[in-house]
Structures are given as structure tokens and as C-alpha cells.
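Asker: Before we start, here is the structure in question, set down as C-alpha cells.
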């Protein structure tokens, strides 16, 4: 199961806003994402427009999935800004993974400013059928479906 704690994301977002250098409107604020389950895997889709492809880092450490990327700011030398709304700097997002995730099977791809992370459900957490054998005459065999909740 994938656990999502919106309060930790809110705390992280608040910290990043308060720690941004004063006077700059170009410090990154957040990394918008979608997270949903399809069949036997989760899909995480994160918007990272303009991120430097070599800076994108997806890692799992001790049950925590961390996404980070960087967008380089243009040089301020000789520039008189009229509008500065595009964030630059480091973007980071963390999610806690449950025991039912196959961390070794996680894959990621970056295409046209969108990071797509596929998070498979562990084999042990997938539903399976257990055959029940009857003892005695006149009884038929029946299957009972069991499975872990995800």
C-alpha cells in the first residue's frame, strides 16, 4: 500500500516558502503531481517543466520515495526583470511507501516536462487463489479467493 500524508507535504511546502531567500519570487514552491492506481501498480505523474534532465533524481531509501529536480535560472547579469513568475532552483517531493510496494521494480521516465514514475505492487501483496481440498466423500473442491488490501 502506498501511504500519502498530505500534512507532511503541507509542512514541507510551508518550510520551503519560509526558507526562500527574501526578495526573490523565483524560488521553487512545489512539484504538482497526480497519484493513482491501475491494476497492479501505482502511477505517479509530476510536472517538472523546464527541469534540467540530468538533475532529475528518483530514489528509494528506507521506504521513502524521493523525487528531486532542478531548473537553472537565467543569469541576472545585465537583466532588468519586468516579470519573474517561473520558479527556478531545486524541486523536491517525498512519499512514504508501504510494505506492499515492490521498491526494486520502480521505474521512471521524463518526457516533455513530465516525470512518470511506475510503482509496482509487490507479488506478496497481490490477491491470489488458494485451493481448498475437501476430505470425505460427496464433497467437491472449492476455491477461496484471498488477497492483501492495497
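The values are calculated or read from the model by the stated rules, or taken from the named source; none is laboratory data. Given the structure is predicted, the values throughout are model-derived calculations rather than measurements. Reconstructed Cβ throughout: ideal geometry from the backbone, glycine too, with neighbour counts over all protein chains shown.
Asker: I'm trying to understand the selection: among the residues of segment 36-51, which are assigned to a loop (DSSP other than H, G, I, E, B) and either touching a helix residue (DSSP H, G or I) at 6+ places or on another chain (Cβ under 8 Å) or under 15 Å from residue 118 (Cβ atoms) (or both)?
Answerer: Hits for segment 36-51 are 39, 40.
Asker: Answer with yes or no whether residue 124 is part of a helix (DSSP H, G or I) and modelled with pLDDT under 95.
Answerer: Yes.
Asker: Which residue is surrounded by the most Cβ atoms within 10 Å (Cβ to Cβ), if the candidates are limited to segment 51-82 and must be more than 14 Å from residue 92 (Cα to Cα) and within 19 Å of the chain's Cα centre (by Cα)? Step through it out loud before you land on a result.
Answerer: Our first condition is that a residue be more than 14 Å from residue 92 (Cα to Cα); within segment 51-82, this holds for 53-54, 61-63, 72-82.
With within 19 Å of the chain's Cα centre (by Cα) added as a condition, the list becomes 53-54, 61-63.
Working: 53: 11, 54: 8, 61: 9, 62: 7, 63: 13.
Step by step, filter segment 51-82, then rank; the result is 63.
Asker: Could you please let me know if residue 95 is surrounded by 14 or more Cβ atoms within 10 Å (Cβ to Cβ), at pLDDT 90 or above and within 17 Å of residue 112 (Cβ to Cβ)?
Answerer: Working: surrounded by 14 or more Cβ atoms within 10 Å (Cβ to Cβ): yes; at pLDDT 90 or above: yes; within 17 Å of residue 112 (Cβ to Cβ): no.
Criteria not met by residue 95.
Asker: Taking the condition buried (at least 17 other Cβ atoms within 10 Å of the Cβ) and either without any contact (Cβ under 8 Å) to a residue 24 or more places away in the chain or within 18 Å of the chain's Cα centre (by Cα) (or both), does residue 125 pass? Even if it seems obvious, please write down each step before you answer.
Answerer: Working: buried (at least 17 other Cβ atoms within 10 Å of the Cβ): yes; either without any contact (Cβ under 8 Å) to a residue 24 or more places away in the chain or within 18 Å of the chain's Cα centre (by Cα) (or both): no.
No.
Asker: Tell me, which residue of segment 19-35 that is at pLDDT 50 or above and part of a loop (DSSP other than H, G, I, E, B) is farthest from the chain's Cα centre (by Cα)?
Answerer: That would be 26.
Asker: Inside segment 28-78, can you point out the residues that are touching a strand residue (DSSP E or B) at 6+ places or on another chain (Cβ under 8 Å) and at positive phi?
Answerer: 50, 63
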